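*Asks:* Sharing a structure, written as structure tokens. Questions coming.
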Amino acid sequence: MERLSRYGILIARVMISMVFLLNALGVIDQAEAARELAARGAPSNLVPFLMLVGRSVELIGGLALAFGVFQMVAAVALIAFLVAATFVGHAFWLAAAGTPVFVGQLINFLKNLAIMGGLLFVASTQSQLALMRSTYARKASGSLDEIASHSKTVTDSLSQGTEVSEHPAKMPAP
């Protein structure tokens with residue numbers, strides 16, 4: 001069970017990021033989304049720019065989410081993108097109830113709502129594994145831990161009046 005807890009959030013982040021990465025890379029056609037954006041009142045000369053901004057957020061946020069780099073920031077940015085995209089692109093309340101358009105938009109609205117819930121879970125989870133962790137980051141955190149430990153040992157030794165050594169392993173026992 002511990003392994004599921006440890007790796008489950010990592011797998012979930014990668015799975016959620018796939019939706020955004022496929023959209024960003026154009027695997028999923030965005031022509032309908034561009035038409036809906038223009039139909040909802042966006043100036044036609046701004047639609048290509050808005051689509052580019054949306055794809056950029058999806059690409060950068062999707063990669064960051066998948067690899068565990070600033071995953072909280074990535075999740076919040078993707079939630080902000082999804083809120084706007086959901087209300088503009090899946091306005092089921094504008095279609096007549098019971099029609100195929102209504103049902104399709106409602107399903108997509110609820111799907112986006114579920115994705116936002118997953119992203120909110122990712123953003124609110126403190127301890128998460130990264131898909132890739134640099135050697136530098138591991139050494140840096142280990143070095144900081146060693147420095148903090150040495151500083152505490154030095155402080156304790158000085159307060160007890162014992163001699164301070166240069167290396168924590170050479171410290172005399174209290």
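Since every read-out is calculated from the coordinates, none of them should be taken as a lab result. Keep in mind it's a predicted model, so treat the numbers as computed, not measured. Positions of Cβ are generated from backbone atoms using ideal geometry, with glycine treated the same way; all protein chains shown enter the neighbour counts.
*Asks:* Test of understanding: ordering GLU36, GLU2 by Cβ neighbours within 10 Å, fewest first, what list do you get?
*Replies:* Starting with the residue having the fewest Cβ neighbours, the order is GLU2, GLU36.
*Asks:* Sort region 2-124 into rounded, prolate or oblate with this rule: let a ≥ b ≥ c be the square roots of the eigenvalues of the Cα gyration tensor; rounded if a/c is under 1.5, and if a/c is not under 1.5, prolate when a/b is larger than b/c, oblate otherwise.
*Replies:* oblate
*Asks:* Give me a comma-separated list of calculated 3J(HN,Hα) values for region 13-25, in order, Karplus coefficients 6.51, -1.76, 1.60 applied at θ = phi - 60°, integers in Hz, x for any Gly or Pro.
*Replies:* Whole-Hz 3J(HN,Hα) from phi for region 13-25: 4, 5, 5, 5, 5, 4, 4, 6, 5, 5, 5, 4, 7.
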